[in-house]
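Comments concern the structure below.
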Amino acid sequence: MTLNIISLSDLLKSDSTEEEIKLLLSSFECKSLSHGASDVEEFIHSKAIVFEQFDIARTYIVMSTYKKVPFIAGYFSISNKPLIISKRNFSTIPSSLQKKLMGVGHKTDMQNYEIKSYLIGQLGKNYNSISKKAKAASGNDILGLAYEKIKEANAIVGGRIVYIECENNMKIIKFYEENGFRLLEDYESPNNLRIMVKKIEHL
């Protein structure tokens, strides 16, 4: 089944009204899966357009069709956001991973550790009725499409790491580990989320 990526930025510049775009985005459903999934749904319903307009993140809608009816199969949002690890937290990371991170980042004046990175802020598969029937895209499919956009950006402006912030949910952590991400053990972000990293050269 064919998947097409449409940037939210292009949608907002199209002939569609903002209300029509909001109606499309509201067809995305996944909040019943977990607390984190609720955040993914809330973002596309009420934050994605604002983040787009203020250049905080770029959102891409993955579209498909089922019996000639177009629908959202999933989406992802990406931002150019450095990964910053405090000196105290950096010391808690296993030495083997410290060495790998030291090869792609630098210490700041505040003695924090900063790596030029891309954040996959949101990534989700649609679980509304038509999407479940169509089975158009898997989580791996959507992640692969996100990789392609990150590689395009990386070719233009550089960067060393892609990372995600996620709830402490073993199913989610396992999904990203199976896709080559490494969990920063004993470390949580300022918003109490787990951090997982992957080198862009390995996408």
| said: Springs between alpha-carbon pairs under 10 angstrom, Gaussian network model over the chain: which of LYS81, LYS149, LYS133 fluctuates most? | reply: LYS133
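Leaving out ligands and nucleic acids, and using a 1.4 Å probe, what accessible area per residue does the chain come to in Å²?
Each residue of the chain exposes 55 Å² on average to a 1.4 Å probe.
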| field | Gaussian network model of the chain, Cα within-10 Å springs - most flexible of ASP39, ASP141, ASP186 | value | ASP186
| message | Counting only protein heavy atoms and a 1.4 Å probe, tell me what percentage of the chain's accessible area is made up of carbon and sulfur. | response | 50
| task | For the pairs LYS22/LYS81; LYS47/LYS198; LYS135/LYS199; LYS151/LYS199, note any where the Cα-Cα span goes beyond 20 Å. | result | LYS22/LYS81; LYS47/LYS198; LYS135/LYS199
| remark: Taking every C-alpha to C-alpha distance in the chain and binning by 10 Å from 0, the per-bin percentages run 8, 34, 35, 17, 5, 0
| said: So, R0 is 22 Å and r is the distance between the beta-carbons of VAL69 and ILE6; what FRET efficiency does that work out to, to 0.05? | reply: 0.85
| field | Surface accessible to a 1.4 Å probe, LEU12 within the full protein complex, Å² | value | 50
| note | Where a ≥ b ≥ c are root eigenvalues of the Cα gyration tensor, a/c under 1.5 meaning rounded, otherwise prolate if a/b exceeds b/c and oblate otherwise, the range 1-77 counts as oblate
| task | Under a cut-off of 18 Å between alpha-carbon atoms, report the lysines in cross-link reach of LYS87, not counting same-chain residues fewer than 8 places apart. | result | LYS99, LYS100, LYS107, LYS116
| For the range 122-203, max minus min Cα coordinate along each principal axis, in Å, sorted largest first? | 37, 33, 21
| request: Would you kindly state how much longer the chain becomes between GLU188 and GLU167 on full extension, computed as 0.36 nm times their sequence separation minus their alpha carbon distance, in nm to one decimal? | output: 6.6 nm
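The values are calculated or read from the model by the stated rules, or taken from the named source; none is laboratory data. Source: prediction; values computed, not measured. Don't worry about glycine lacking a Cβ; one is built from the backbone with ideal geometry, like all the others, and counts go over all protein chains shown. To get the accessible areas, we keep the full protein, side chains included, count just its heavy atoms, and leave off ligands, DNA and RNA. Shrake-Rupley method; radii C 1.70, N 1.55, O 1.52, S 1.80 Å.
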